[in-house]
Every structure is written in structure tokens, then in C-alpha cells.
Amino acid sequence: EKGGYEHFMLKEIYEQPRAIHDTFRGRLRPDQGIIKMAGIDQNSERFLNANRIIIVACGTSWHAGLVAEYIFEDMARIPVEVEYASEFRYRNPVITENDVLIAISQSGETADTLAAIKLAKENGAFVFGVCNVVGSSIARETDAGAYTHAGPEIGVASTKAFTTQITVLMMIAMKLAKEKGVFSESKYHELLTELEGIPQKVERTLETNPLIEKISEVYKDSSNCLYLGRGYNFPVALEGALKLKEISYIHAEGYPAAEMKHGPIALIDEQMPVVVIATRKGHYEKVVSNIQEIKSRKGKIIAVVTEGDNTVKELADHVVEVPEASESMTPLLTTIPLQLLSYHIAVMRGCNVDQPRNLAKSVTVE
Ligand code: F6R
């Protein structure tokens with residue numbers, strides 16, 4: 001059932017090219033210049049006339065929501081707020097009939113997310129679900145939705161659910177951008193074609209696995225780890241840190257790279273590995289100067305860079321290359337090495353990768 005892999009998590013990491021492809025298959029049609037998503041087509045007025053989009057989720061799904069905030073605002077120019085479902089539901093939020101709430105949930109059973117949906121509906125908002133499990137409670141409770149087609153995710157640590165959630169949210173944003181007239185025909189076509197090519201780039205990114213295994217060997221006994229990224233890759237830093245802590249039990253924190261100097265920089269010494277996402281199309285120069293700051297404090301730098309990068313190679317202790325992509329699509333690539341890093345470190349530490357202590361696959365109680 002693990003298809004020759006030692007753990008479900010590794011199998012599911014490797015399934016991502018297929019899972020992303022399955023998620024856009026039948027929807028993305030670059031040749032016709034369209035994205036077909038019934039749940040959006042039938043409700044496009046609700047989205048286009050929305051005051052704002054509120055995204056609610058928990059954990060990794062919340063990180064996908066953060067990536068979506070960058071995508072929606074950048075592409076579709078619709079204001080977005082991303083909320084932890086647990087905080088949103090209890091803080092007496094201002095919700096109006098002109099709000100669209102998007103709930104993201106792999107299992108479709110997360111209690112806090114379900115409660116946030118009910119609250120939004122009571123207040124007249126339009127509620128859209130992005131779930132993986134067909135027929136789940138959240139899928140049934142929402143007004144409309146779009147499934148991720150990741151297939152069953154067995155490993156407790158979410159991997160392919162995350163990248164397929166981003167894929168669905170990106171298609172929605174692109175569709176809305178097109179309908180709003182933000183994108184020209186040619187820009188739209190270009191992005192559709194690029195998204196279609198992402199599974200192949202994910203496949204190539206997976207080839208970094210042996211290198212990541214070597215890097216993992218070096219840092220497996222660390223007691224702390226920092227993850228830094230900017231823009232679209234700030235949520236990826238959060239997700240990388242979550243993956244490491246939940247399966248290897250190493251304390252890890254994700255930060256927007258520029259926040260480092262407002263506190264976390266105090267932690268950096270020769271014992272501290274810092275994973276930095278420094279792809280070429282995302283405030284690259286600024287991230288390079290963050291890397292210099294880490295280096296001068298003797299931190300150990302593991303950098304995720306764009307293929308062919310030379311500048312960071314000079315500075316970092318280890319570099320992992322991902323294929324070139326538009327900035328908005330880089331999270332689908334930069335996430336992969338971080339998943340593999342946490343996987344190998346957890347295995348080397350003898351942890352139960354698929355069933356980490358104290359965690360459940362679906363959190364049906366608050
Ligand atoms: C992390 C993880 C959790 C879930 C969270 C939400 O790897 O799996 O953080 O992402 O419990 O679950 P869903 O998406 O099922 O609502």
C-alpha cells in the first residue's frame with residue numbers, strides 16, 4: 001500500500017507531480033484559454049463583487065491560505081484576510097453579506113473550520129470550500145466548492161494536500177483576474193501554460209532528494225532551526241518549520257526574512273541551521289543581504305535557490321536548486337525540499353514519521 005516507499009509521507013511527497021496534475025486535469029485548458037471550475041463559474045458574481053475574501057483554515061491548510069492571500073491580491077486584486085479558524089470563530093468578527101469566505105481543509109472535518117463556516121453563513125456570507133475528502137462535513141456545509149484531487153493522504157504530516165490546495169486557489173485567482181480584466185489574454189495564456197508545466201518541475205525538484213538526505217545527516221541532531229522566506233515564500237517558511245517540528249520534534253520557527261532583525265537574529269550562532277528560501281524572482285537581493293547577516297553571525301545556511309544561482313552558492317553552506325518559475329508558482333517548488341528535509345531528519349532521529357506523537361490526522365474536536 002506504500003507502493004515501495006518506506007513511509008506514506010515519502011510516497012505522498014513523491015505523488016505531488018501526479019496530485020497537482022490531477023487537480024488541474026479537466027479544469028485547466030490552455031489551448032482554449034480557459035479554466036473550468038463549476039463552483040466558480042456559477043458564483044463568479046459573488047466573488048467579483050466581494051468586499052473581501054476571508055480565508056479560514058488551520059495548520060498546513062492555513063499556510064496554503066497565506067500563499068493564496070499573495071496570489072489573490074497580486075493577481076485578482078481582491079483584498080484577502082487569512083484567519084486561524086479557531087481565532088476567527090470566537091472573536092466576534094465583522095462579517096457581511098458581501099464577504100466571501102473560503103474554508104480550506106484537507107480532511108473536511110476540522111471542528112474549528114466547520115464552526116467558522118457556520119458563523120459566516122449565519123451572517124450571510126457566501127462560503128466556498130477547498131477540501132480533499134469528497135463528501136466531508138465541510139464539503140457538505142459550504143455553498144459551493146472545488147476539490148483538490150490529491151488522493152487519500154495517510155501520513156499525518158500534510159504534504160500533497162498543501163500543494164494541491166495552492167493549485168486550486170491559484171486557478172481560482174487566475175480565473176477571477178481574467179474575468180476582472182486584470183490579465184490580458186496573452187498573460188492569462190502564459191500563466192495557464194506555466195501552471196500546466198509545474199508537475200514536471202516538481203518532478204525535477206524531487207531529484208534533489210539524495211542531496212537533501214546528505215544535508216539532513218549534518219543537521220539531524222540540531223535542537224533548533226529557523227526558516228526564512230519573503231513574499232510568496234514566507235508562508236513556505238512557516239510550512240517548512242511546521243513540518244520539521246511535527247515529525248522530528250526539533251523546535252523550528254518560520255519568519256518573514258526581514259523580521260529577523262526584529263528579534264530572531266539574536267538566536268543565531270554556529271549551532272543554528274537557517275533554511276532560507278532565496279529564489280531569483282522574490283526580493284532576491286534583500287534575501288541575499290539577510291543571508292549575509294546570518295553568515296556574519298556564523299549561522300549555518302541551507303538555501304533553496306533558483307537553478308544556476310551563483311551569488312548564494314558563495315555564501316551558503318548548502319544550496320538546493322529548484323527550476324525557474326514565476327514568483328507566484330515558486331511555493332509549489334520550494335516546499336518540496338523542505339518536506340524532504342523534515343522527512344529525512346525525522347527518519348534519522350528514529351521518529352514515527354507517519355504517526356507523530358500527540359497528533360491526529362483530522363482534528364474533529366476543538
Ligand atoms: C500539518 C497538518 C495539520 C493540518 C490541520 C488542518 O501537517 O496536517 O496542521 O493541516 O490540522 O487539517 P485540515 O486541512 O484537514 O483541516
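With respect to (1) more than 16 Å from the ligand (Cβ to nearest atom); (2) in contact (Cβ under 8 Å) with a residue 24 or more places away in the chain; (3) buried (at least 16 other Cβ atoms within 10 Å of the Cβ), the lone exception for V319 is condition (2). Just one of the listed residues (I166, I154) is of a type in the set (A, V, I, L, M, F, W, C), within 15 Å of the ligand (Cβ to nearest atom) and open to solvent by 60 Å² or more (accessible area, probe 1.4 Å), and it is I154. Scanning the range 217-233 for residues that are of a type in the set (G, A, S) and surrounded by fewer than 22 Cβ atoms within 10 Å (Cβ to Cβ) yields S222, S223.
Set side by side, the residues V56, V82, V94 differ, and just one is over 20 Å from K180 (Cα atoms), crowded, with 24+ Cβ neighbours inside 10 Å and either within 16 Å of the ligand (Cβ to nearest atom) or not charged (D, E, K, R) (or both), which is V56. Take the residues in the range 111-124 that are more than 10 Å from the ligand (Cβ to nearest atom) and open to solvent by 10 Å² or more (accessible area, probe 1.4 Å); name whichever of them is nearest to N352 (Cα to Cα). Once the filter is applied, the top-ranked residue is A115. Counting the residues of the range 322-366 that are in a helix (DSSP H, G or I) and within 14 Å of the ligand (Cβ to nearest atom) gives 6. Within the range 242-278, the residues that satisfy the criterion of being over 18 Å from I291 (Cα atoms) and assigned to a helix (DSSP H, G or I) are L242, K243, L244, K245, E246, I247, S248. Condition check for S289 on (1) in contact (Cβ under 8 Å) with a residue 12 or more places away in the chain; (2) surrounded by fewer than 18 Cβ atoms within 10 Å (Cβ to Cβ): one failure, at (1). Right, R89: open to solvent by 30 Å² or more (accessible area, probe 1.4 Å) and more than 16 Å from the ligand (Cβ to nearest atom) or not? So R89 does not fit the description; no. Which residue is nearest to the ligand (Cβ to nearest atom), if the candidates are limited to the range 241-268 and must be more than 23 Å from the chain's Cα centre (by Cα) and open to solvent by less than 60 Å² (accessible area, probe 1.4 Å)? Only one residue tops the list, namely G263. Every condition in (1) within 12 Å of the ligand (Cβ to nearest atom); (2) more than 21 Å from the chain's Cα centre (by Cα) is met by G108 except one, and the failing one is (2).
Part of a strand (DSSP E or B) and under 25 Å from M329 (Cβ atoms): is that true of G151 in this structure? Taking the combined requirement at face value, the residue does not satisfy it. Within the span defined as the range 208-223, every residue fails to be on the phi > 0 side of the Ramachandran plot, over 19 Å from the mean Cα position of the chain (by Cα), of a type in the set (F, W, Y) and modelled with pLDDT of 95 or more. Of all residues being touching a Phe, Trp or Tyr at 6+ places or on another chain (Cβ under 8 Å) and open to solvent by 10 Å² or more (accessible area, probe 1.4 Å) in the range 59-74, which is farthest from A115 (Cα to Cα)? Just the residue, please. Step by step, filter the range 59-74, then rank; the result is Y70.
Return a yes/no flag: does the range 132-147 have any residue that is part of a helix (DSSP H, G or I), in contact (Cβ under 8 Å) with a residue 60 or more places away in the chain and either of a type in the set (G, A, S) or within 16 Å of the ligand (Cβ to nearest atom) (or both). Within the range 132-147 (the criterion being part of a helix (DSSP H, G or I), in contact (Cβ under 8 Å) with a residue 60 or more places away in the chain and either of a type in the set (G, A, S) or within 16 Å of the ligand (Cβ to nearest atom) (or both)), the answer is no, since none of the residues qualifies.
The values are calculated or read from the model by the stated rules, or taken from the named source; none is laboratory data. On a predicted model such as this, the values are computed, not experimentally measured, just so you know. With ideal geometry, Cβ positions are generated from the backbone for all residues, glycine too; neighbour counts draw on all protein chains shown. The area values use the complete protein model at the heavy-atom level, side chains included, leaving out ligands, DNA and RNA. Shrake-Rupley method; radii C 1.70, N 1.55, O 1.52, S 1.80 Å.
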